[in-house]
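In what follows, a single structure is set out as structure tokens and then discussed.
The values are calculated or read from the model by the stated rules, or taken from the named source; none is laboratory data. From a predicted model like this one, the values you see are computed outputs, not experimental measurements. All Cβ positions, glycine included, derive from the backbone under ideal geometry; neighbour counts span all protein chains shown. All accessible areas refer to the heavy atoms of the entire protein, side chains included, with ligands and DNA or RNA removed. Shrake-Rupley method; radii C 1.70, N 1.55, O 1.52, S 1.80 Å.
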Amino acid sequence: MDNTAVLLETFFKSLTDDQLLYLYGIYLGEVPTPFHKKLLIDELVRFFSLPQTADAMASLLDNEDMEIITLVHHLNMTDSRRLHEILSLRGWGWMQLSRKLMNLSERLVIIAVRGNYVLHPLITDRVSLVLDQLYQRHSPIAEPCWFTPSLLTAWLFLAEHHRRLFTTQGKLKIQFSETVKRMIPDRITVDQLNLLARTADHLGLIATGTRELSLNHDRITSLFSLGEDQVLLYGLASLMNRSDSDPRKLSALLQFCREHSFYRQDMIALMMIHFGCTLEEAEQTLDFCSESAIISCSGDTYSFGAVLDMLLQPPGPDPECTLSADLRIHVDGAETSIRWFQLYRCAQLVTFDRMAILRLTEESVLTCLDEGMGLEEMIRLIEEITGTKMQESTSKIISNWVEGYHALKLFEGVVLQCDQRLSRMITGHPGLSEMVQDQLAPGIFLVSPRNLDLLRSTLTKAGVPFIPRVIRTKSAEPQGKADEFHRIEYPMFAHVEHPSHEVPSTRITDDLKSLLKHYSREVQLELSYRIDQRLMLSAEQLRRSSKRRTIFEAKGFDYQGKLQLIRQAIKSPSDILELSLRGKEQEPILVKPTELFREKTGDILEGIIIPEDTKVNLAVGKLFMVRKIRRPLYLQ
């Protein structure tokens with residue numbers, strides 16, 4: 001059984017007998033008695049799996065139908081509330097959407113699955129379901145983007161070596177703004193620097209659990225080693241979709257929008273579709289991105305043009321880095337590359353522009369050593385970035401700084417204290433001596449917390465009968481995300497022409513209506529209504545349906561007919577009323593009648609408007625038309 005048949009069978013099995021018989025009567029005619037539910041389901045599955053049935057269903061889709069099913073297709077399982085959130089931006093009312101969902105459900109164009117809608121699988125192969133049908137493109141907007149990978153690189157230097165200027169979340173303290181402005185061009189604002197801090201925080205580049213700003217070097221290396229385009233995608237995704245920072249979703253949005261601009265309500269809808277966020281979240285994200293110059297804005301249109309320009313430009317040449325005798329490193333091309341990020345741990349930022357100037361200081365070098373990078377590793381990195389061997393005089397200056405570094409040691413780890421016998425055993429035992437980082441004093445050893453479990457088991461195997469618990473203090477070890485970043489493969493954002501949906505064909509409805517002359521007046525009214533609702537797909541279906549149709553409509557001066565239909569609907573839990581008010585040009589309303597009573601002014605119908613669940617009292621004398629219909633599947 002193929003996927004279409006499985007989906008249809010599952011849906012039909014979920015219906016009550018009354019619902020199933022209702023659908024069978026519409027599409028396959030009179031229900032045989034006695035009936036076998038399994039056989040009825042099999043017949044319905046076969047009917048809705050036929051190519052000619054799907055062809056007829058697709059040919060009867062109008063523009064409003066296409067808006068709904070296109071969204072259902074792209075949202076991949078959604079409910080009516082979600083659809084209304086997005087379509088309300090296009091002027092749809094709740095009643096308009098509800099009536100359409102009722103109709104599409106009865107036509108089985110959309111199928112309810114566990115509270116959400118999916119599209120009939122055979123429809124997807126027969127119509128164009130591209131979002132370009134819904135959202136109009138406008139001219140591109142060219143404005144610079146606040147967030148750039150190279151600027152985030154410069155921020156790393158500031159955060160690593162000027163920690164006192166920033167909060168633990170990386171935001172610049174107001175009193176130090178003038179200090180930082182001397183290191184960066186005037187065009188870069190404090191708000192822009194704080195945006196970079198926000199990006200770093202969301203990406204886990206800032207370690208947590210510390211009393212001052214501390215960077216997560218493993219995460220930084222993992223991200224920046226992927227290249228400029230990946231830093232851009234990850235950074236913008238973390239800012240735009242903070243609850244679920246998935247750069248793949250941003251890539252899909254950029255793929256659709258490309259360099260064009262869109263009206264505000266359309267851009268909000270596109271964010272909701274691609275990010276899966278709510279209307280309120282999309283509005284907040286758009287406002288934040290336009291205020292932060294992540295999205296370009298001109299009047300009421302918005303564009304990702306600047307982001308796309310950065311993303312699609314070919315990788316530039318590596319920056320030229322030179323180390324001068326005064327311990328300054330000049331980075332020519334710093335604005336177009338991030339390769340110089342590797343120096344952020346050992347060099348301070350003096351100024352950042354097209355050329356960045358870095359400086360090796362005693363403080364920056366010792367800070368680098370303090371965070372675990374060895375002297376030889378540091379010198380090798382500088383030589384690799386600059387492409388030249390470090391001069392002996394420069395190397396000697398750095399070595400003199402390092403000598404002072406060893407004058408004081410601060411340890412953090414597990415301290416092992418033992419008597420003389422155990423002390424001799426530890427120093428003489430190969431397995432235990434390898435785990436000792438340092439002997440602080442006779443009988444006092446420093447062990448890494450990572451080796452604690454191994455230390456316990458080794459001591460036990462060595463014959464120590466009892467291992468006491470660790471005497472702990474609150475750890476100040478920086479915490480942060482440990483997972484690595486992975487490259488996002490995104491398609492080239494070339495313009496793709498998509499076919500538009502054709503105007504629905506009237507041939508089927510015209511052909512069916514031409515056959516109504518062969519039926520009685522009462523049957524014609526009912527079948528004409530079914531044709532207008534696009535529930536009739538073929539002449540054979542029309543012939544089968546005519547056998548069991550009776551008129552359930554009263555209008556005009558047929559006052560008693562209206563009362564009779566209202567009383568019947570009150571008694572039936574599966575029937576509702578479609579009402580048109582006299583003198584009103586608005587669309588008919590759907591009402592579940594609850595009571596009919598008489599007042600001095602005449603008969604009053606009390607009911608609940610569907611689907612708003614709003615209580616209403618209507619004078620029967622003011623009703624132009626009363627139609628009794630089966631409660632739609634949408635409301636079952």
> So what's the Cα pair-distance distribution over region 62-199, bin width 10 Å, in %?
Replying inline: 10, 29, 12, 12, 20, 14, 3
> Can you give the extra length, in nm with one decimal, that the chain gains between Arg81 and Lys181 once fully stretched, where that is 0.36 nm per residue apart less the Cα-Cα distance?
Replying inline: 31.2 nm
> Calculated from DSSP H runs of 4 or more alone, at -39500 (n - 2.57) each and per residue, what is the 222 nm mean residue ellipticity of the chain, nearest 500?
Replying inline: -13000 deg cm²/dmol
> Within a Cβ distance under 15 Å of Gln560, other residues only, what is the Lys/Arg minus Asp/Glu net charge?
Replying inline: +2
> Using the Karplus equation 6.51 cos²θ - 1.76 cosθ + 1.60 (θ = phi - 60°), what ³J(HN,Hα) coupling, rounded to whole Hz, does each residue of region 12-20 give in order, writing x for Gly and Pro?
Replying inline: 5, 5, 7, 7, 6, 4, 5, 5, 5
> Can you work out ³J(HN,Hα) from phi for every residue in region 78-87, in order, using Karplus 6.51 cos²θ - 1.76 cosθ + 1.60 and θ = phi - 60°, giving whole Hz and x for Gly and Pro?
Replying inline: 8, 10, 5, 4, 5, 4, 5, 4, 7, 6
>> Give me P(r) over region 144-243, computed from all C-alpha to C-alpha distances, binned every 10 Å, as integer percentages.
In response: 15, 53, 30, 2
>> For a quick size check, give me the Cα extents of region 1-143 along its three principal axes, largest first, whole Å.
In response: 71, 29, 24
>> I'd like the isolated cysteines in the chain, meaning no second cysteine's beta-carbon lies under 4.7 angstrom from theirs.
In response: Cys145, Cys257, Cys277, Cys289, Cys297, Cys321, Cys418
> If amide H atoms are built 1.01 Å from N in the plane of the peptide, which residues on other chains or at least 5 residues away come under 5 Å of the amide H of Glu143?
Replying inline: Ala306
> Based on the alpha carbon coordinates of region 82-162, what radius of gyration and maximum Cα-Cα distance (Dmax) apply, in Å?
Replying inline: 22.4, 66
> Using mean Cβ contacts within 10 Å as the protection proxy, how do 231-241, 608-618 order, highest first?
Replying inline: 231-241, 608-618
> How high is the FRET efficiency from Thr351 to Asn617, r the C-beta distance, R0 56 Å, rounded to 0.05?
Replying inline: 0.15
> What is the log10 of I(q)/I(0) for region 210-362, computed with the Debye formula using one identical point scatterer on each Cα and no solvent, at q = 0.17, 0.18, 0.20 Å⁻¹?
Replying inline: -1.02, -1.08, -1.20
>> Strictly over 24 Å apart at the Cα level, which of Lys181/Lys249; Lys100/Lys622; Lys181/Lys396; Lys517/Lys555 would you flag in this model?
In response: Lys181/Lys249; Lys100/Lys622; Lys181/Lys396
> How many percent of the alpha carbon pairs in region 356-395 exceed a separation of 15 Å?
Replying inline: 45
> In whole Å, what are the Cα extents of region 311-356 along the three principal axes, biggest one first?
Replying inline: 38, 18, 15
> Can you pull the Rg over Rh of region 219-307, Cα-only, Kirkwood?
Replying inline: 0.97
> For the chain, what is the accessible area per residue in Å², given a 1.4 Å probe and the full set of protein chains?
Replying inline: 50
>> Net charge within 14 Å of Lys37 by Cβ-Cβ distance, Lys/Arg positive one each and Asp/Glu negative one each, not counting Lys37 itself?
In response: -3
> How large is ³J(HN,Hα), in whole Hz, for each residue of region 327-343 in order, when computed from phi with the Karplus curve 6.51 cos²θ - 1.76 cosθ + 1.60 and θ = phi - 60°, using x for Gly and Pro?
Replying inline: 6, 9, 10, 9, 10, 8, x, 5, 6, 10, 8, 10, 4, 6, 4, 4, 8
>> How large is the direction-averaged shadow of the alpha-carbon convex hull of region 115-166, in nm²?
In response: 9.4
> Computed over the Cα atoms of region 1-71, what is the convex hull's projected area averaged over all directions, in nm²?
Replying inline: 5.7
>> Charges at C-beta only: +1 for Lys and Arg, -1 for Asp and Glu. How large is the resulting dipole of region 275-352 about its Cα centre, in Debye rounded to 20?
In response: 520
>> Once the cut-off is 19 Å, how many percent of the Cα-Cα pairs in region 225-274 end up in the long-distance tail?
In response: 26
> When the accessible area of region 286-400 is split by element with a 1.4 Å probe, what percent falls to carbon and sulfur?
Replying inline: 47
>> Report the gain in length on full extension from Gln437 to Glu64: 0.36 nm times residue separation, minus Cα-Cα distance, nm rounded to one decimal.
In response: 127.1 nm
> For region 95-226, what % of the accessible area comes from carbon and sulfur atoms, probe 1.4 Å?
Replying inline: 48
>> Given the whole protein assembly as supplied and a 1.4 Å probe, what does the accessible area of Arg258 come to in Å², nearest 10?
In response: 10
> What does the chain give for Rg and for Dmax, in Å, if only its C-alpha atoms count?
Replying inline: 36.2, 112
> Relative to the longest principal axis of the chain, what angle (0 to 90°, nearest 10) does the C-alpha long axis of helix 149-161 take?
Replying inline: 40
> Thr427 to Asn116: FRET efficiency via 1/(1 + (r/R0)^6), r the Cβ-Cβ distance, R0 60 Å, to the nearest 0.05?
Replying inline: 0.35
> Based on the Kirkwood radius over alpha-carbon pairs, what value in µm²/s does the Stokes-Einstein equation return for the translational diffusion coefficient of region 344-460 at 10 °C and 1.306 mPa s?
Replying inline: 92
> In angstroms, what radius of gyration and Dmax does region 412-461 have, counting Cα atoms only?
Replying inline: 9.7, 26
>> If you average 1/r across every pair of different Cα atoms in region 322-390 and take the reciprocal, what Kirkwood value do you get, in Å?
In response: 12.1
> Taking K and R as +1 and D and E as -1, what net charge do the other residues with C-beta under 10 Å from the C-beta of Tyr27 add up to?
Replying inline: 0
> What is the projected area of the convex hull of the Cα atoms of region 565-606, averaged over all directions, in nm²?
Replying inline: 3.3
>> Given R₀ = 41 Å, what would the calculated FRET efficiency be for Glu291 paired with Lys396, taking r from the Cβ atoms and rounding to 0.05?
In response: 0.20
